[in-house]
Amino acid sequence: ALGLMALLSLVIKFHVFDRTARTTAVWALDTGKQALGGCVAHFLNIGMAKALHRSLAERRTADECDLYFMNFLLDTVFGLIMLFSLLQVYNYLVSRL
């Protein structure tokens, strides 16, 4: 249901608010790419949470949902920091051309 709501919000945004020259096919490919990336990240996080849960089995300090949330949070925070840093390096290199 959450995925359907996200897709519906993107459809509404495209038809109501998007004033770019993108065609529907380009929009669909962009949206599909983002959805696929989100699904891959989701299932990788599930796998990592299960693996961490098995490795911490003797302590039982956290369940799989806790580990999934922590992995998602760390991935988001450090991923954004890394992407922002790479963008700064890229902008610096391009400005020197």
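The values are calculated or read from the model by the stated rules, or taken from the named source; none is laboratory data. All of these numbers come straight from a predicted model, not from anything done at the bench. For neighbour counting, all protein chains shown are included, and Cβ atoms are generated from backbone atoms with ideal geometry for every residue, glycine included. SASA here: full protein model, heavy atoms, side chains in, ligands and nucleic acids out. Shrake-Rupley method; radii C 1.70, N 1.55, O 1.52, S 1.80 Å.
Just need the relative contact order of the range 1-72 here, percent rounded to a whole number, with Cα pairs under 8 Å and 6+ apart.
So the answer I get is 23 percent.
Based on the mean of other Cβ atoms within 10 Å per residue, sort peptides 63-75, 15-27 so the most packed one is first.
63-75, 15-27
Please work out the FRET efficiency for the pair Thr23 and Leu2, using the Cβ-Cβ distance as r and a Förster radius of 41 Å; give the result to the nearest 0.05. Write down the numbers at each step before the final one.
Working: r = 27 Å, r/R0 = 0.67.
Plugging the Cβ-Cβ distance into 1/(1 + (r/R0)^6) gives 0.90.
Rolling a 1.4 Å sphere over the protein heavy atoms, what is the accessible area per residue of the chain, to the nearest Å²?
I get 84 Å² per residue for the chain.
Show me the ranking of peptides 83-95, 48-60 by mean Cβ neighbours inside 10 Å, starting with the highest.
48-60, 83-95
Please report the carbon-and-sulfur percent of the accessible area for the chain; probe 1.4 Å, protein heavy atoms only, DNA, RNA and ligands left out.
Reported share for carbon and sulfur atoms: 74 percent.
Compute, for Ile81, the solvent-accessible surface of its heavy atoms (probe 1.4 Å) with the complete set of protein chains present, and express it in square angstrom to the nearest 10.
90
How much net charge surrounds Ile46 when only the other residues with a Cβ under 15 Å from the Cβ of Ile46 are counted, with Lys and Arg +1 and Asp and Glu -1?
Details: positive: Lys50, Arg54; negative: Asp63, Glu64, Asp66, Asp75.
Result for the neighbourhood of Ile46: -2.
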